[in-house]
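Contents: one structure, followed by commentary.
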Amino acid sequence: MGRTDVNLYWPRPGELSAYRGHSILVTDSHGRVAAGLEGFYLHRTRFISRLVLKVEGSEPKFVSANPVTAHSLISYHLAPSPAGAAAGPSPDKPDNGGGEIAEKGIEVQINRFVGGGLRQDVHVTNHGMAETSVTLAWEVAADFADHTEAQSGKRQQDAPVNDEWAARADGCDLTFRYRHPELDLATTLRFSGDGATDWAYANRGGSVVSCKLALRPQNTRTVGIDIAPVFRGETFAPIHGLDGVPTGDPVAARVTEEWTAACAHLSTGNSTVQTAWDRAAADLGSLHLLEGEGVERFTLAAGIPNYIGLFGRDSLMAAWQSALLNRDTLRGTLRVVGQWNAEQRDDRYDAEPGKIIHQRQMGPLATLGMSPFLHYYGDYSAPGLFLLGIATDFAHSGDKDFLLAMRDKALATLEWMDRDGDRDGDGFYEYQTRAGDSGIKNQGWKDSGQAILHEDGSMVPDPIAVCEVQGLYYAAKRAMGLAFASAGEQARADDLLAQAVALKERFNERFWMSDEQFLALALGPDKRQVKSIASNAGSALAYGIVDEGKATAIAERLMMPDMFSGWGVRTLSSRHPAFNPLAYHLGTVWPFANALTGYGFKRYGFDGLLHRLAKGLFDASELFHLGRLPEVFGGHTRDRRHPHPGIYPGACSPQAWSASAAIFLVHAMLGITPLAPARTLIVDPSLPEWLPEVTLEGVRVGEARVDLRFRREPSGVTRHEVLALSGDLTVRGPEAAD
């Protein structure tokens with residue numbers, strides 16, 4: 001699988017980041033925390049809003065700042081030697097009193113390690129030729145802003161911050177306490193100096209901690225800063241000490257190693273695909289939220305830096321798409337998400353019994369009820385993905401006990417679908433927020449305010465039944481029906497399968513636009529078709545709700561020039577009056593949705609279109625740092641004028657479901673279907689000319705493991721070969737390969 005220990009965050013302009021679990025450090029390009037979104041956060045709460053180092057009263061000259069791993073950053077800086085310090089024992093050498101020796105006499109290296117809290121090592125080296133004394137001073141602040149407030153620059157909650165300073169023999173402690181009556185928040189900074197003296201503290205319009213270091217020539221001394229947030233009364237100490245060495249039980253490292261050991265490994269001669277797979281695996285391994293016990297710790301944060309936390313839809317989609325890589329991510333996500341299934345109706349949070357959580361935030365705004373996101377349910381994708389995930393887990397694991405353990409929650413969600421999900425009883429699933437202005441208007445995966453527009457560009461009012469939600473609920477009912485049948489509940493299975501068939505019939509009658517030979521984007525509140533040409537139809541193909549006779553026209557339309565940019569399928573046709581290649585859902589390219597579309601092409605037998613789409617996405621991955629597909633990129637046409645599609649402003653990278661997209665594309669091309677209850681793995685591979693051979697090692701189906709090689713022959717037929725097999729498993733391929 002390649003290296004998974006280097007998980008670099010590709011900075012947005014002027015920004016660097018390091019993250020682990022629910023903690024994230026965001027700095028400017030120089031490694032400073034000084035303004036804007038910059039800061040150290042835990043649970044979307046900013047515990048450090050300023051951390052700027054000065055040497056002899058001035059900021060040192062910036063040299064470089066870089067991510068090292070997902071959870072660590074390094075930066076280098078230079079400062080002049082204090083007056084006279086560069087003069088050495090050879091006065092006949094004129095450079096000793098000036099020049100580069102004096103100008104770059106003091107090197108400052110700052111290493112930062114995120115985990116629990118934040119550890120910062122400041123290594124100061126005297127490259128001058130005489131002993132010197134250097135004064136270091138840190139400007140420090142903690143404003144306890146919510147991440148949303150830091151993004152917007154507008155405070156919605158505020159309170160005084162008290163500072164407490166205490167000197168120690170080897171350093172000092174500084175604590176900031178937030179005096180909000182409803183928020184128990186504080187930040188403690190513990191400074192420890194290697195030979196540092198004259199520790200002092202001043203607060204004249206801002207907090208400043210200072211010390212002095214005596215340095216011999218070519219001597220290095222280190223000041224360590226341990227930053228521990230106090231969140232809801234609980235102290236989160238840094239899990240790293242000097243040079244990043246774990247100071248306690250290295251839970252995060254152990255979790256990552258355990259997860260990596262259980263992953264399937266891919267090898268191929270195509271370096272682009274290899275890099276994209278390896279990067280995806282590394283990113284997914286770095287995004288674990290690390291909460292709970294066992295596989296629950298593998299639940300994924302949605303994306304960096306904006307979406308650290310539990311996002312039901314994103315986490316479920318990424319776990320489902322990456323199940324071939326490691327099915328434990330899906331199992332853990334189902335357990336965590338299942339803990340938050342709504343049990344009663346609460347319009348403030350768009351909650352209804354059986355509904356699946358959309359997101360859980362614990363920052364100040366959510367805690368104070370100033371946003372609905374403390375536990376918000378305003379999403380229609382998560383319920384279907386939850387059910388599809390349960391059935392997929394059963395298909396991969398064959399674990400009937402887990403299926404039965406999730407049975408009541410699954411039934412509650414199925415009941416929600418037809419009780420509350422279908423608001424008017426017409427057999428379709430339409431969303432409309434009950435949370436007023438604080439709720440999310442559009443609750444399909446395209447959840448921005450202007451995501452669902454009529455063909456003339458006018459807004460579609462709620463309630464709205466978007467086409468891919470109908471497809472997802474069809475797939476969920478069908479998959480759960482098959483799972484229940486395998487578990488021995490035949491009557492329930494028959495009922496669910498019949499419901500799925502009826503939904504498919506209704507869907508193809510009402511959503512099919514005969515004049516466009518395409519699916520309507522949605523049905524509006526008047527049940528009239530929203531006739532905009534959009535990418536949602538690709539997801540409907542993936543979920544299998546489209547009649548065979550309509551699939552060809554839909555698939556070919558998705559790959560026409562107004563929809564397919566050359567790198568991927570756009571969210572909205574370039575012929576639409578509202579098209580914008582850099583607007584969130586109005587013409588951009590989303591890797592996860594494209595992977596879904598590719599899976600849909602495979603489902604209906606359009607291998608050539610899948611190859612073309614996959615080639616575009618993998619080619620795009622080469623254009624982005626480290627071969628990483630970002631959350632969303634530009635929908636510009638791939639031509640001489642646009643050799644790069646651009647990236648959406650503020651796009652997260654890494655993003656969980658963009659990482660899973662690379663895995664899912666390979667999954668689709670290999671046509672892999674695990675049937676663990678039957679101790680069977682079905683493969684239906686079709687590799688393109690640009691990817692003639694793929695080897696997968698460590699694919700888990702039930703208790704078995706299998707290594708497989710796939711080769712494309714000159715005739716175009718792809719054959720499979722079982723290289724190794726442990727456990728009871730039958731691998732079945734198409735007749736041509738038997």
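The values are calculated or read from the model by the stated rules, or taken from the named source; none is laboratory data. Keep in mind it's a predicted model, so treat the numbers as computed, not measured. Positions of Cβ are backbone-derived with ideal geometry, glycine not excepted, and every protein chain shown enters the neighbour counts.
Observations, loosely collected:
- Within the range 199-221, the set of residues being among the charged types (D, E, K, R) and in contact (Cβ under 8 Å) with a residue 60 or more places away in the chain comprises LYS212, ARG216, ARG221.
Residues are listed down the side, and each one gets a yes or a no for (1) surrounded by 22 or more Cβ atoms within 10 Å (Cβ to Cβ); (2) touching a Cys at 6+ places or on another chain (Cβ under 9 Å); (3) closer than 18 Å to LEU316 by Cα; (4) touching a residue at least 40 places away in the same chain (Cβ under 8 Å):
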| site | (1), (2), (3), (4) |
| --- | --- |
| HIS375 | no, no, yes, no |
| GLY398 | no, no, no, yes |
| ALA410 | yes, no, yes, yes |
| GLY421 | yes, no, no, yes |
| GLU430 | yes, no, no, yes |
| ASN442 | yes, no, no, no |
| ILE452 | yes, no, no, yes |
| ASP456 | no, no, no, yes |
| LEU472 | yes, no, yes, yes |
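- Answer residue from the range 112-148, given it is charged (D, E, K, R) and either outside any loop (DSSP other than H, G, I, E, B) or touching a Ser or Thr at 6+ places or on another chain (Cβ under 6 Å) (or both) and is farthest from ILE308 (Cα to Cα) among those: GLU139
- Residues in the range 62-81 that are of a type in the set (Ser, Thr, Tyr), modelled with pLDDT of 95 or more, buried (at least 17 other Cβ atoms within 10 Å of the Cβ) and within 16 Å of THR125 (Cβ to Cβ): SER75, TYR76.
- Taken together, the residues in the range 277-301 that are buried (at least 24 other Cβ atoms within 10 Å of the Cβ), outside any strand (DSSP E or B) and touching a strand residue (DSSP E or B) at 6+ places or on another chain (Cβ under 9 Å) amount to 9.
- Criterion applied to GLU622, GLU631 was being acidic (Asp, Glu), at negative phi and crowded, with 22+ Cβ neighbours inside 10 Å, and the one residue passing it is GLU631.
- Filtering the range 236-259 to residues that are without any contact (Cβ under 8 Å) to a residue 60 or more places away in the chain and under 26 Å from the mean Cα position of the chain (by Cα) leaves PRO246, ASP249, PRO250, VAL251, ALA253, ARG254, VAL255, GLU257, GLU258.
- Checking each residue in the range 25-84 for being in contact with a helix residue (DSSP H, G or I) (Cβ under 6 Å, 6 or more places away or on another chain), within 26 Å of GLY233 (Cβ to Cβ) and assigned to a loop (DSSP other than H, G, I, E, B) picks out only ARG44.
- The single condition among (1) closer than 19 Å to ALA166 by Cβ; (2) over 27 Å from the mean Cα position of the chain (by Cα) that ILE227 does not satisfy is (2).
- Residue list for the range 129-162, restricted to those being among the β-branched types (Val, Ile, Thr), buried (at least 19 other Cβ atoms within 10 Å of the Cβ) and over 34 Å from the mean Cα position of the chain (by Cα): THR132, VAL134
- Unmet requirement for TRP416, which otherwise passes all of (1) within 17 Å of VAL530 (Cα to Cα); (2) touching an Asp or Glu at 6+ places or on another chain (Cβ under 7 Å); (3) in a helix (DSSP H, G or I): (1)
- For the range 696-710, the criterion of being closer than 17 Å to LYS602 by Cα and either loosely packed, with under 15 Cβ neighbours inside 10 Å or touching a Gly at 6+ places or on another chain (Cβ under 8 Å) (or both) is met by no residue.
- The sole residue among ALA169, ALA137 that is modelled with pLDDT of 95 or more and in the same structural domain as PHE236 (by TED's automatic domain parsing) is ALA137.
- Residue list for the range 507-517, restricted to those being part of a helix (DSSP H, G or I) and more than 14 Å from VAL466 (Cα to Cα): GLU509
- When residues in the range 511-542 are screened for being basic (Lys, Arg) and buried (at least 19 other Cβ atoms within 10 Å of the Cβ), 0 of them pass.
- Any chance ALA86 is surrounded by 22 or more Cβ atoms within 10 Å (Cβ to Cβ) and modelled with pLDDT of 95 or more: no
- Counted residues, the range 353-372 - those being buried (at least 24 other Cβ atoms within 10 Å of the Cβ) and within 14 Å of ASP314 (Cβ to Cβ): 5
- When we screen LEU541, LEU558, LEU523 for residues that are of a type in the set (A, V, I, L, M, F, W, C), farther than 17 Å from VAL469 by Cβ and modelled with pLDDT of 95 or more, the only hit is LEU558.
- Taking the criterion of being within 20 Å of PRO677 (Cα to Cα) and at pLDDT below 95, no residue of the range 378-435 qualifies.
- Residue within the range 243-257 that is among the hydroxyl-bearing types (Ser, Thr, Tyr), touching a Gly at 6+ places or on another chain (Cβ under 8 Å), surrounded by 19 or more Cβ atoms within 10 Å (Cβ to Cβ) and on the phi < 0 side of the Ramachandran plot present: yes
- The test for being crowded, with 24+ Cβ neighbours inside 10 Å, on the phi < 0 side of the Ramachandran plot, at pLDDT 95 or above and out of contact with any Pro (no Cβ under 6 Å at 6 or more places or on another chain) does not hold for LEU324.
- Cβ pairs under 6 Å, 6+ apart, first in the range 712-726 and more than 14 Å from LEU681 (Cα to Cα), second among the small types (Gly, Ala, Ser): VAL717/ALA736; THR718/SER686; ARG719/ALA737
- Among the residues of the range 665-674, the ones that are touching a helix residue (DSSP H, G or I) at 6+ places or on another chain (Cβ under 8 Å) and closer than 16 Å to LEU687 by Cβ come to 6 in all.
- Residue tally, condition of a type in the set (Phe, Trp, Tyr) and on the phi > 0 side of the Ramachandran plot, over the range 634-655: 0
- Being part of a helix (DSSP H, G or I), within 21 Å of the chain's Cα centre (by Cα) and among the charged types (D, E, K, R) is a condition met by no residue of the range 593-604.
- Residue in the range 331-344 that is out of contact with any Leu (no Cβ under 6 Å at 6 or more places or on another chain), closer than 29 Å to ARG628 by Cα, among the charged types (D, E, K, R) and in contact (Cβ under 8 Å) with a residue 60 or more places away in the chain present: yes
- Residue-level analysis places PHE428 among those that are part of a loop (DSSP other than H, G, I, E, B), touching a Lys or Arg at 6+ places or on another chain (Cβ under 9 Å) and among the hydrophobic types (A, V, I, L, M, F, W, C).
- Hits in the range 25-80 - residues which are over 22 Å from THR132 (Cβ atoms) and among the basic types (Lys, Arg): ARG32, ARG44, ARG46, ARG50
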